[in-house]
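Novice: Quick one: the structure is below, and I'll ask about it shortly.
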Amino acid sequence: MRTSDITADCIVLGGGPAGAVAARLLAREGARVVLVDPDRALPRLEGISDRLMTWLQGEGLAAWLPDLSSRVPRRATWAGTASDHNGEHLVERASMNAALRAAAAEAGATVVTASAQVAPDRGGVFARLSDGRAVAAARAIDARGRAAHAGRPVRRGPATLAVGGWLTESGDRVASAQVAPFADGWVWIARPGDGRVWVQAALDAREGGSASPTERLMAALAAAAADLDPLPGGTPEGVHVRDCAPALREDIIDPRLLPAGDAAAGMDPLSGNGMLWAVSGALAAIAALRTLAARPGAASEDLARRFLGERIRETYERQARLGRDFLRQETRFRDRPFWARRLGFPDNAPVHAEASAPGTVRRAIVVDGGLLAEREILVTAEEPAGVAWVAGVPIVEAWRRWRAGAGEAALAAEWGPEAAGAAIGWLRARALV
Ligand SMILES: Cc1cc2nc3c(=O)[nH]c(=O)nc-3n(C[C@H](O)[C@H](O)[C@H](O)COP(=O)(O)OP(=O)(O)OC[C@H]3O[C@@H](n4cnc5c(N)ncnc54)[C@H](O)[C@@H]3O)c2cc1C
């Protein structure tokens, strides 16, 4: 390896949710971790979904987030019908990222404010930091968000821009969030409850002619106004444009440089689940790193490559199809360019591939005791990605034994009465026994 200023077990590039969470968890496991981020995020609001919030609370991370709103329903006026099935916690992303990086530092990670360029090197990776220093590490997690896609083979969805900015209002200050479609896209309006209003429009990148981003944003707000609570007047400030087209990196994963979060696949923001997938991608990358450290060699490298590659592609396709089906519910604008270009993306396949009844058993790579391993899983209509354990019981084995005549007592003798009961209940609920 070349001469370096810092030596680490892992360098994490990017301190958004994926990178900061990965760095924190790795440091807690005792790894020497360097987390690098230039800390240049512009102020903007996003919503933390209920599932991610539950996870952050369980990890003690919710308490780190400084300016979190209480839970607000995500009110959607879609296809002419108002609903508020989903909820979210509004959070300012620049301060959220900073807080998660502080939590990583508290766990023992070295946090560096800089950008990094990394390349595989003999025996590991070698990173050059913008502050002039060099880091040598055994492995890296690439969590640079969409910046990681530059210069790589990437499968992209219809070119989509998000234009966002801030308005200010006086009067009642109740936190709320609203989604509304209009002829040329959809808007998301978020009020954290302090007088600020984050206004954001998702628009087709190929439309808009010579209009400026601010003009396009204001036109979008005017077009969607009938479905929104009244907005304050004025011109949005701090307007910035972000690429939000679905994008899947298609290069072969190098086991020294594992992608996580948007660096692996960027999802359509309509789902409101991008940060959840970023964090779950970080957990997957950590399981791969753990396996590579515990059992070095070609077999683990192959396992890590396949596990992450399949997981990232499946998540991307599933999210894209869910987004497509949601867009298809809105039929009023289907002939307009924004809608027409998205109603067949990524394809016309159903979200859930049909599992052949009464259940399909296949082999898959799963996380077992924190490490990657190939196991049999049971695919059901409810769990299209498959299930390996229920209440700690290897469900394929339990199912086979049951069908071979083993009763509840035999299963209880093997796995304990409570776990066996939960496993049998789970099989019954799916009409598999
Ligand atoms: C318009 C829009 C709205 C969205 N709304 C929501 C929402 O409401 N809810 C939700 O859950 N998700 C939402 N998302 C998705 C969400 O923003 C992302 O999925 C999530 O931020 C991905 O996290 P990440 O850590 O992978 O990447 P990012 O959050 O993008 O973080 C990447 C980090 O890498 C750093 N970086 C870049 N280059 C380098 C380098 N060379 N060296 C070191 N560091 C580098 C950056 O500074 C950044 O901090 C939205 C996305 C968009 C575009």
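The values are calculated or read from the model by the stated rules, or taken from the named source; none is laboratory data. These numbers were taken from a predicted model, which means no experiment stands behind them. Please note: Cβ atoms are built from the backbone with ideal geometry, for glycine as well, and neighbour counts cover all protein chains shown.
Novice: Of everything in segment 260-296, what is more than 9 Å from the ligand (Cβ to nearest atom) and in contact with a Gly (Cβ under 7 Å, 6 or more places away or on another chain)? Give them in sequence order.
Specialist: Within segment 260-296, 287, 290 qualify.
Novice: Now for a separate question. When you check residue 239 against the structure, is it touching a residue at least 40 places away in the same chain (Cβ under 8 Å), in contact with a helix residue (DSSP H, G or I) (Cβ under 7 Å, 6 or more places away or on another chain) and more than 11 Å from the ligand (Cβ to nearest atom), yes or no? Explain how you work it out, then say what you get.
Specialist: Working: touching a residue at least 40 places away in the same chain (Cβ under 8 Å): yes; in contact with a helix residue (DSSP H, G or I) (Cβ under 7 Å, 6 or more places away or on another chain): yes; more than 11 Å from the ligand (Cβ to nearest atom): yes.
It is true that residue 239 is touching a residue at least 40 places away in the same chain (Cβ under 8 Å), in contact with a helix residue (DSSP H, G or I) (Cβ under 7 Å, 6 or more places away or on another chain) and more than 11 Å from the ligand (Cβ to nearest atom).
Novice: Now for a separate question. Would segment 24-35 turn up any residue that is within 12 Å of the ligand (Cβ to nearest atom), of a type outside the set (S, T, N, Q) and either over 10 Å from residue 109 (Cα atoms) or under 18 Å from the mean Cα position of the chain (by Cα) (or both)?
Specialist: Step one: of segment 24-35, the residues within 12 Å of the ligand (Cβ to nearest atom) are 34-35.
The next check asks that each one be of a type outside the set (S, T, N, Q); those that pass are 34-35.
Those still in the list that are either over 10 Å from residue 109 (Cα atoms) or under 18 Å from the mean Cα position of the chain (by Cα) (or both) too: none.
Within segment 24-35, none of the residues are within 12 Å of the ligand (Cβ to nearest atom), of a type outside the set (S, T, N, Q) and either over 10 Å from residue 109 (Cα atoms) or under 18 Å from the mean Cα position of the chain (by Cα) (or both).
Novice: Looking only at residues in segment 65-87 that are closer than 12 Å to residue 192 by Cβ and of a type in the set (Ser, Thr, Tyr), which one is surrounded by the fewest Cβ atoms within 10 Å (Cβ to Cβ)?
Specialist: 70
Novice: Here is a list: 219, 224, 284, 202. Which entry is assigned to a helix (DSSP H, G or I) and touching a Leu at 6+ places or on another chain (Cβ under 8 Å)?
Specialist: On the way: 219 fails: touching a Leu at 6+ places or on another chain (Cβ under 8 Å); 224 fails: touching a Leu at 6+ places or on another chain (Cβ under 8 Å); 202 fails: assigned to a helix (DSSP H, G or I).
That would be 284, the only listed residue that is assigned to a helix (DSSP H, G or I) and touching a Leu at 6+ places or on another chain (Cβ under 8 Å).
Novice: Determine if segment 56-65 includes at least one residue that is within 12 Å of the ligand (Cβ to nearest atom), of a type in the set (S, T, N, Q) and either at pLDDT below 95 or closer than 25 Å to residue 88 by Cβ (or both).
Specialist: Initially, segment 56-65 is screened for residues within 12 Å of the ligand (Cβ to nearest atom), giving 56.
Imposing the further condition that a residue be of a type in the set (S, T, N, Q) reduces the set to none.
Among the residues of segment 56-65, not one is within 12 Å of the ligand (Cβ to nearest atom), of a type in the set (S, T, N, Q) and either at pLDDT below 95 or closer than 25 Å to residue 88 by Cβ (or both), which makes the answer no.
Novice: Follow-up question, since we're still on this one. Can you tell me which condition residue 385 does not meet? The list is (1) among the hydrophobic types (A, V, I, L, M, F, W, C); (2) closer than 30 Å to residue 26 by Cβ; (3) crowded, with 16+ Cβ neighbours inside 10 Å, and all the others hold.
Specialist: All conditions are met except number (3).
Novice: Picking from 131, 84, which residue would you name as being assigned to a loop (DSSP other than H, G, I, E, B) and at negative phi?
Specialist: Working: 84 fails: assigned to a loop (DSSP other than H, G, I, E, B).
Selected residue: 131, the only one of 131, 84 that is assigned to a loop (DSSP other than H, G, I, E, B) and at negative phi.
The rows are residues; the columns are (1) within 20 Å of residue 14 (Cβ to Cβ); (2) buried (at least 22 other Cβ atoms within 10 Å of the Cβ); (3) modelled with pLDDT of 95 or more.
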| residue | (1), (2), (3) |
| --- | --- |
| 233 | no, no, no |
| 238 | no, no, yes |
| 283 | yes, no, yes |
| 289 | yes, yes, yes |
| 299 | no, no, yes |
| 302 | no, no, yes |
| 314 | no, no, no |
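Novice: Which of (1) among the basic types (Lys, Arg); (2) farther than 30 Å from residue 158 by Cβ; (3) in contact with a Leu (Cβ under 9 Å, 6 or more places away or on another chain) is the odd one out, the single condition residue 375 does not satisfy?
Specialist: (3)
Novice: Go through the residues of segment 88-97 one by one and say whether even a single one is surrounded by fewer than 16 Cβ atoms within 10 Å (Cβ to Cβ) and at negative phi. Spell out the reasoning first.
Specialist: Kept after step one, since they are surrounded by fewer than 16 Cβ atoms within 10 Å (Cβ to Cβ), are these residues of segment 88-97: 94-95.
After this cut, where a residue has to be at negative phi as well, the list is 94-95.
Yes, the conditions are met somewhere in segment 88-97.
For every residue, the table says whether it meets (1) among the polar types (S, T, N, Q); (2) part of a loop (DSSP other than H, G, I, E, B); (3) under 30 Å from residue 32 (Cβ atoms).
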position: 279; (1), (2), (3): no, no, yes
position: 300; (1), (2), (3): yes, no, yes
position: 303; (1), (2), (3): no, no, yes
position: 320; (1), (2), (3): no, no, no
position: 350; (1), (2), (3): no, yes, no
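Novice: Out of 47, 14, report the one residue that is at positive phi, within 10 Å of the ligand (Cβ to nearest atom), modelled with pLDDT of 95 or more and not hydroxyl-bearing (Ser, Thr, Tyr).
Specialist: Details: 47 fails: at positive phi.
None of the others qualify; the one that does is 14.
Novice: Considering 125, 163, which residue is in the same structural domain as residue 278 (by TED's automatic domain parsing), within 14 Å of the ligand (Cβ to nearest atom) and part of a strand (DSSP E or B)?
Specialist: Values: 163 fails: in the same structural domain as residue 278 (by TED's automatic domain parsing).
Going through 125, 163 in turn, just one is in the same structural domain as residue 278 (by TED's automatic domain parsing), within 14 Å of the ligand (Cβ to nearest atom) and part of a strand (DSSP E or B): 125.
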